[in-house]
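Reading through the structure tokens given below for one structure.
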Amino acid sequence: MGIQTKRIKYIVTALFLSVGFSIPAQAQETTLDRLYQELAEADASSYARIEQQIATEWGKSGSAAMDLLMRRGRDALDAGAPDIAVEHFTALLDHAPDFAEGYFGRASSYYLLGLTGPALDDIQQALALNPRHFEAMRGLAIIMEELERPTDALELYDLILEINPQSVDARDARARLELQLEGQAL
């Protein structure tokens, strides 16, 4: 095989690797953009389905091994074992430190263990990586309420409603906080 043929093979291989790794991420972002647009326009009968589709996209790491760790972490949470879930999510984040859903899963686990500080750190990281992660915002709002910061929680619920106007949880929590704040003003 000549030098020219080897060089072409290297170029093709490099192109394949760069395209092979960039297309799925770009395709996922395009899919999420479309889903967020649909969510913003959804009605009461369709928003929950779109929320689920978005959550499914958030859970795609692009790696079967990382997806397995994610699934094990979620399964441990569902089984009421947040301590085990923390281990799975930590292993996931050791290998995929830019995977927002891993931080959100570990934040949820820490929260259930009563570790508010680490939960807040991981929520912050999840939102830095995915600023439209309305579930992480909701988790943060819940913590803000527990820390007796209802105004901050109210702002978070408003942000959620900008992304997901049909969110019953956010609307109910917002209405409850408004009443609470009006009661304090009297």
Going by what's in this entry, would residue 78 be described as of a type outside the set (Gly, Ala, Ser), at pLDDT below 95 and surrounded by fewer than 16 Cβ atoms within 10 Å (Cβ to Cβ)?
no
Among 5, 31, the single one that is at pLDDT below 95, open to solvent by 60 Å² or more (accessible area, probe 1.4 Å) and not charged (D, E, K, R) is 5
Does any residue of region 68-91 turn out to be touching a residue at least 40 places away in the same chain (Cβ under 8 Å) and not basic (Lys, Arg)?
no
Quick one: is residue 50 modelled with pLDDT of 95 or more, under 18 Å from residue 108 (Cβ atoms), open to solvent by less than 60 Å² (accessible area, probe 1.4 Å) and of a type outside the set (Asp, Glu)?
no
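The values are calculated or read from the model by the stated rules, or taken from the named source; none is laboratory data. Source: prediction; values computed, not measured. All Cβ positions, even for glycine, are placed from backbone atoms using ideal geometry, and neighbour counts span all protein chains on display. Remember, those area values only see protein heavy atoms, side chains included, never the ligands or the DNA or RNA. Shrake-Rupley method; radii C 1.70, N 1.55, O 1.52, S 1.80 Å.
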